[in-house]
Structure formats: structure tokens, C-alpha cells
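Just below is one structure, and these are the notes that go with it.
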Amino acid sequence: MENSTVTNLPLKSAELPILASLPVEPVSARYRALNLGLSVFFTLFVTVILAIVHFQPWFELPFEGQVAVTVAAIIIFTIGSLTFAYHFFADRLIFYTVREQDIILYKGLFFKKVICQPVLRIQHIDIQRGPFERYFGLATLKVYSAGGSDHTLAIPGLPKDIAERLRQFVLNHSDLTRD
Amino acid sequence: MTTSTEIAQSDDTQWHRVSPWSVIHFLWLQLKHTVSFAIYIVPAYLVGGHKLLDSQWLPLIVSGVALLLCASAVLRYLFFQFCITTKGISIRSGVLDRTFTDLTFERIQNIKFDQPIYFRPAGLVIVTLDTAGSSKQEAQFVGVTNDYARYIKQTVMQARAESHHQATPDATPTVNNDDGEVLNRRSMRDLVLHGVTNNRMWILLGTLAPFYEQISGFIFSQMNRLRPEVESWLGEQAVALWYVGVMTVLVAVVLIIIMALFSIAGSILMFYGYTLSKHDNKYVRRSGLLNRQEVSMKQSRVQIARQQQDWLDRLLGRVNLFIEQNVTGQQVQNELKATNKLLVPSVTINEADTLTRDVFANQQVRQAEFHPIHIRYLWRQCILWLLPLNAAIGFSLIFNLQYKGVIPALLFFAVSCTLTVLHYKRWGLTNDEQYVYIRKGTIGIDYWCFPLAKAQQVVIKQNLFIRRRKLVTLVFVLASGKVKIPFVSEEVAAPLVQKLLHEVEVNKPAWM
């Protein structure tokens, strides 16, 4: 691609509110479902174990033990419901946009974050899939720049084929062969 | 990727050894290891080992260990071989674990020369080749002659220049003017200033010196006053602990003073005979009293220039200038030793400005008109820590000292308010066609300057409160680290982000 023909179409006016009025795509709804399911599952799992310990008929727990188990159950339940609430509201707010020259990620519930990664500056790119993500056919696309591992752009909850296509888009991008 | 054998076979070069003097270096390294190991062994021996081991064997064991160390140092020297080919450098090392390291010239980022004091008589240096990526991929030639070190450097530079632009013949360094153009030297006075300004604890304790007697008198009178209460609460044994505790704190203070003195000496050791010079578009820093160190940095690799000024620097009219390139690897290095940073210690403001202009042509960081950040930043600071801190301190002072506590509490309030306001006032952001400028600080003023073209990533953050006010926190990710500026109005941030993205994405400049 020649420099003179490089375009980056959706941006024209400097009066745009920062990168906010671009057309965006949400990540898969299954990602939210997965997170909600996982938080419910783990909370219940741990709570059930604690309940079994508390109510099992074989031996009497000392009083301190009973208190500890109850407190632990309350803490787990609180953390679990907070996680559930967070994913319930926040996962709907993850969007991304792929433009000709960059990838933009939007996320955050209370703290909104817009991360813009020019393709030119991408060092490498990979797709990560945990066991649960694999089961749901999802993938996380990770984009690394020279800015270091703290600033890896990760788009979670992409359907596998879309993640593959995005990766291919970046790999085929003419900018990646520069330098 | 070529392997060592490929590189070695590609043309018939022979394997070299470093100078036999390197045995001294290996011995020194192993001695350091042994001593740090002995710290654990000696107490164990004293506690229980001497019963198991007759002390008459001790000299024999010590001399045995010494012999082993010597032998392994000699072996390390014998087993270290390297060869330089047209493609890169291969190294064979290790006695039991044979390691083959291959460095192609393109991957070598940095060449550093060190001269430990024991290499000085023989005129030898240690050459460290830094590569991009992990810290493990680092090669060291211990004990090569100065000339050979320059030859290695020149070979690497030449090979890289050739591979980068094969068409431009003037890219190869033909006449090697070793010293280049000297940009800056630091005198002894500058270094003492630097030592002083960078160890603020020392100054603080120094100014308190006339009051030490009063302070310790006050401490002991307070302790005696509180003694009956402590005794009645905790019993007599606790009183002993109470005295021990206070004594520990005093000892700690003395230790801090000594440490500060050491670090002043350290800064002089580090920067003695400092010269910053420039040749072939490379900045070279040479300094050091005992260990001469040479660090070089390519101008095109520089990501950011930071002029840092603390309150003492401001009083003395000095600035520390940091010229930073990309961070290689993950390890956090000592700021003074790091090869990715070039520190010009305690320069005057004019010198700092001139040097920054040398790195980034036409930069205007000290002449620029800065956009202030929004006043809400000040309110946030007030709510988040200024008011809670003052409430806590004021309450505890007045509660403990009654009316006597009012004045210190007010004083603290005044000082912390002034500092917060100053800190808010210092924040500023602006840009021109080429660079982004940031101003920050509290009493001293820091000026940061980086080219739009070096940005790796842009992050825009907003929480719900500042979103409504159309404010953002901007984070620019550079290869040297991130640069963050809070509470910028969208009117300033939006055009800047657009401009930066345009510069990076349309003009497609290289960042290395």
C-alpha cells in the first residue's frame, strides 16, 4: 500500500468526541452468558462444599469452625454476587471496531476505557482459548505492541471464526511487514 | 533462523578466545557468589557444624574451595570461545552445560563497554551485547582489548547499516572518530550537586541536626512521662520492649543517614568523568570512577526525553535529563545502570533544553503554551486524600496535644494545600506538528517531550463523573513506558488523538 493512498475512512472531523461515534461491534453474547454461568457455578460449588462441611453428620465441628465456615460462605456468596452483577452489566459494554489502520476496544462499567492500537505498531498477535471458552466456541484475541505486556490489547469473547478472521486481517496487513 | 553451525560454516572463520586476564573477572564473580553463599554457611557452621567438623580441617577446606574456584575460573576462560562472521556473532561457553549462543547483527540492540578496575592496567574491557527481547539473550565478552572492543562495535554497526540500507554507502562508518562530538561534560561540582539533590533524606536529616538533642530529649521525656501508663497497661516487661522499640527506630534513622551518604558516594563513582558525546547518530555516555562504563543509544531509538526536576533541583536551578529508548525484556533495572536510559545528571536548564533539542530537533517543550488540566482534578485530590488526611492528622494532634496541637495541624493543612494546588497547576499538555509536550511536578517542574510518531497505543479513560464533564484521562503508550495525563478536556484531547493516529497510521513512521 502506498503512503499516498492510505486511508482510514471513518475519521474525518477533529470535532468528533474521541473515537466515540464510530460504528462498533459487540463481542459475542455467549461471553456474558459464560461469565455469568461461571460465577454462579463457582459460587454454588464452594457454598455447597462449605454447607456439606457444616452439616455433615459424621463429626461435630467445634464452635470456631462453625463460625469460620459461615463467615467463609457469606464472603464467597458476596464476592460471587458482586462478580455476577459486574459481568451482568459490564460485559454488555465491551465493543470493538476494526478500521483499516487500527483496532479499537471499548470497555468498562464505571471506568470507561477506549484503547486504540494502530496496526503498524503491532508486534505480534495470538488467539487464546481456555477450556470454557473452547466449549462455548469463543476466543480471546491478544494484540501485542512494543509498549510491553501491561498494554496488551485483549478482545475477549469473540466467536472463534471472527477471531481467526481478525488475526488473518492483521497478519495480511501490509504494515506488518514494515521495519 | 540461522543456527550457530550455520553461521560458523557460512564462511571459514576461526574461533577466538578472550584474554587470559578474564580469569580474574571470573574469579571475582565466583568470589562474590561464594561470599553470598558463605553468609548462610558460616552461622550454620558456628552453631552446630564445628562439633561435626574438626577445626584443624578448616584451612584445608578453605584452600580446597579456593583451588576449586581458581580451576573453574580457568575452565570458564578456556571454554569461552567466540567467532565473528559476516552474519553475526556465535559464542560457545560453559564447562558442563555447553551453550551455543547466536546473535545475528540485526538483533543486537545495544553495545555496552565496562571497564572494571582490575582490567584497567591491561587496558581490557567487558563488552555486553544487548538484544531485543529477553534478558537471557545477552552476550558478554569478558576481557577483550579496547581496540578489539571498538572493532566488534564497528563490525556490528557496519553490518547493521549495510543490511538496513544497502544502497547508501555513507551509512557505514568509514573514518572512525572515536570520541565523536562531545555534547556535555559534568564537573565534580555537578556530581556533588547531583549526589546532594538526589538524596533528599540526607538533606532533611542534616537540617534537623541542630535539633537532635532537643528531639531526643523530647522523645525520652515523653517516654518517661508515658512510662507509668505503659507499665499499668502492659506490665513491667513491656516497658523494656518499649525502650527497645524506640531505640530500634533511632538506630534505623542513623542507618538511613549512612545509606544516604553511601548513595552520594555511589553517584560520584558512577558519573565521575562524565561525557556525553554523539557520533554517527549515536549518543554515547562514558563515565565511572572505578568501573568505566560506556553506554550508547541510537538517536532514532530514542522514544522520550524527560527533564526531571525536584524541589532541591529547582532551588539550585538544575535538571536531570533522561533520554529513554525502548525497554528490552521485563526486568526492572537500576535507573543509573539501565542501558535503556541515558541520564545526564544535574544539568542547567539551558543545557537540558539544548540537549533535548539535539535529540528531538525543533522541540519547543520549554517555550510551549500548555493547556491546563481541569479544576476538577484539584477537587478530586481534595476529596480523595487531602481532606481525609488532614482530618486524621488534625484530629490526632489536637486530641493528643490539646491546644498545642492546633498550630502544627494548621501548618500541615497549609503546606499540604499549597502542594496540592501547585501539583494541580503544574499539569499541562500541548502538542505541535511533531511532538507532544507534558508538564508536571509539584515544586520542581518536569518537562516531558516525545514525538507523535513514537506512540505505540493510545488509551482514553473516563470514569462516570468526568465523562459528564467531557474530560478524559489520556495514556500514551510508548516503547519506553506509558505517559499519563489526567483530566484533559475533550476539546484538547480529541484533536490530539486524531493527529497522533493520523501521524502513525497514515505517515507510517518507524519507531526504532
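Observations on the structure shown:
- D_trans [Stokes-Einstein, Kirkwood Rh over alpha-carbon pairs] for segment B:401-480, 4 °C, 1.567 mPa s, µm² s⁻¹: 82
- Per residue, the accessible area of segment B:444-512 comes to 32 Å² when a 1.4 Å probe rolls over the protein heavy atoms.
- A full extension of the chain between B:K404 and B:V421 corresponds to an added length of 3.4 nm, given 0.36 nm per residue minus the alpha carbon distance.
- The radius of gyration of the Cα set in segment A:27-179, together with its Dmax, comes out at 20.9, 70 angstrom.
- Gaussian network model of chain A, Cα within-10 Å springs - most flexible of A:S28, A:S149, A:S39: A:S149
- 20 Å tail of the calculated P(r), segment A:70-142, as % of Cα pairs: 53
- Estimated from the Cβ-Cβ distance and a Förster radius of 60 angstrom, the FRET efficiency linking A:D161 and B:K484 is about 0.95.
- Each principal axis of the Cα atoms in segment B:338-409 has its own extent, and those three values, largest first, are 59, 29, 24 angstrom.
- Counting only heavy atoms of the protein chains and using a 1.4 Å probe, B:D432 has close to 40 Å² of accessible surface.
- Here each label is just a point 7 Å from Cα along the line to Cβ, and for B:R357 and B:L289 those points are 3.5 nm apart.
- The shape of segment A:29-90 comes out oblate: with a ≥ b ≥ c from the C-alpha gyration tensor, a/c is at least 1.5 while a/b does not beat b/c.
- Applying a threshold of 29 Å to the alpha-carbon distances of A:K107/B:K341; A:K112/A:K160; B:K32/B:K482; A:K113/A:K160 flags A:K107/B:K341; B:K32/B:K482 as lying beyond it.
- Loop-located trypsin sites (Lys or Arg not before Pro) in segment A:78-155 whose Cβ has at most 16 other Cβ within 10 Å (DSSP): A:R129
- Solvent-accessible surface (1.4 angstrom probe) belonging to B:W311, in square angstrom, nearest 10: 110
- Using the Cβ-Cβ distance between B:L384 and A:F41 with R0 = 35 Å, the FRET efficiency computed as 1/(1 + (r/R0)^6) comes to roughly 0.40.
- Calculated [222 nm] ellipticity per residue, helices only, for chain A: -14000 deg cm²/dmol; basis is -39500 (n - 2.57) per DSSP H run with n ≥ 4, divided by all residues, nearest 500.
- Treating r as the C-beta distance of B:R120 and B:T348 and R0 as 30 Å, the FRET efficiency rounds to 0.40.
- Accessible area ranking (1.4 Å probe, heavy atoms, ligands and nucleic acids excluded), largest first, for B:K461, B:K425: B:K425, B:K461.
- If you run the Gaussian network model on chain A, springs between alpha carbon atoms under 10 Å, then out of A:V46, A:V143, A:V27 the most flexible one is A:V46.
- Equivalent-ellipsoid semi-axes for segment A:95-174 (Cα gyration tensor, √(5λ), whole Å, largest first): 19, 17, 12.
- Hydrophobic long helices, here whole DSSP H runs in chain A with Kyte-Doolittle means of at least -1.0 and Cα atoms spread over 30 Å or more along the helix axis, are found at A:29-55, A:63-90.
The values are calculated or read from the model by the stated rules, or taken from the named source; none is laboratory data. On a predicted model such as this, the values are computed, not experimentally measured, just so you know. Every residue, glycine among them, receives a Cβ derived from its backbone with ideal geometry; neighbour counts consider all protein chains shown. Just so you know, the surface numbers come from the protein's heavy atoms only, side chains and all, with ligands and any DNA or RNA stripped out. Shrake-Rupley method; radii C 1.70, N 1.55, O 1.52, S 1.80 Å.
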